[in-house]
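The values are calculated or read from the model by the stated rules, or taken from the named source; none is laboratory data. This is a predicted model, so every value here is computed, not measured. All Cβ positions, even for glycine, are placed from backbone atoms using ideal geometry, and neighbour counts span all protein chains on display. Accessible surface areas use protein heavy atoms only, side chains included; no ligands, DNA or RNA. Shrake-Rupley method; radii C 1.70, N 1.55, O 1.52, S 1.80 Å.
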Amino acid sequence: REALERLAHLNETLDGGIALKRRIIEDLRPSSLSNLGLVAALEILLREFSARSELPIDERLERVRLGPAAQLTVYRLVQEALTNVAKHAQARLVRVTLEPLGERDVRVAVEDDGIGFDADAASGASHGLIGMRYRVEAEGGEMRLRSAPGAGTTIEAILPSARVDDAQAPSDAPALAA
């Protein structure tokens, strides 16, 4: 009997460890991003966020050409911006845009109609915002934050497009092995 209880406990511990490993791997690079591409991964993220938060999302997601690291940067920026909306914004609507800007750049933006904040006063206060800016700049891009009390918030990033020979595949499709 004691051996069976220990075996059951070990099995539960092993299952917990496997689940933790899967969560860690998923946190490093979401499987939807690797398997489905950026647009589909963002659609899933937005659908799940909208269901949890009960906030409508106006999504305008277009095909763009970004390398794998830049795709992850866009995904994480949107994810963090949505986390901030849920925690702080008291918004009624969120708009997420992903679009090419000419041949050279890609624009991603998360806008909400929430309560906003004094962006100048909060410029160094949020680790999430600092992390977003660092990720975007590491990819050669630029991030802008616009907000004011009572006027909502917009987080926008402009990232350089990948050249055709740099990108594995368009961001809305997974890379295919040859």
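Compared with the direct C-alpha span, the chain from Glu103 to His127 gains 5.4 nm at full extension, assuming 0.36 nm per residue. Using heavy atoms of the protein chains and a probe of 1.4 Å, the accessible area assigned to Leu82 is about 0 Å². A simple rule links phi to the HN-Hα coupling: the Karplus curve 6.51 cos²θ - 1.76 cosθ + 1.60 with θ = phi - 60°, which for the stretch 69-83 gives 5, 5, 4, 5, 4, 4, 4, 5, 4, 4, 4, 5, 4, 5, 4 Hz, with x for Gly and Pro.
For the stretch 58-146, applying the loop criterion from DSSP together with a ceiling of 14 other beta carbons within 10 Å to the chymotrypsin sites (Phe, Trp or Tyr not before Pro) yields no site. Of the Cα atoms belonging to the stretch 85-155, the radius of gyration and Dmax stand at 12.8, 36 Å.
Rank Glu156, Glu12, Glu139 by accessible area, highest first, at a 1.4 Å probe radius? Each step should come with its number before you reach the end.
On the way: Glu156 15, Glu12 130, Glu139 65 Å².
The ranking, largest first, comes out as Glu12, Glu139, Glu156.
Simple rule: put +1 on each Lys or Arg Cβ and -1 on each Asp or Glu Cβ in the stretch 1-111, find the dipole, and look at Leu72, Ala40, Leu61; the Cα lying farthest toward the positive end is Leu72. Phi angles of the stretch 140-147 translate, via the Karplus equation with coefficients 6.51, -1.76, 1.60 and θ = phi - 60°, into HN-Hα couplings of x, x, 9, 10, 10, 10, 10, 6 Hz per residue; Gly and Pro are given as x. Run through the stretch 48-114 and list the GluC sites (Glu not before Pro) located in a DSSP loop whose Cβ has at most 16 other Cβ atoms within 10 Å. Sparse-neighbourhood loop GluC sites (Glu not before Pro): Glu54, Glu62, Glu103.
Sort His127, His9 from largest to smallest accessible area, using a 1.4 Å probe on the heavy atoms of the protein chains. It would help to have the intermediate numbers written out before the result.
Working: His127 160, His9 110 Å².
Correct descending sequence by accessible area is His127, His9.
Proximity of backbone amide H atoms, modeled 1.01 Å from N, is registered between Asp105 and Ser161 at under 5 Å, excluding neighbours fewer than 5 places apart on the same chain.
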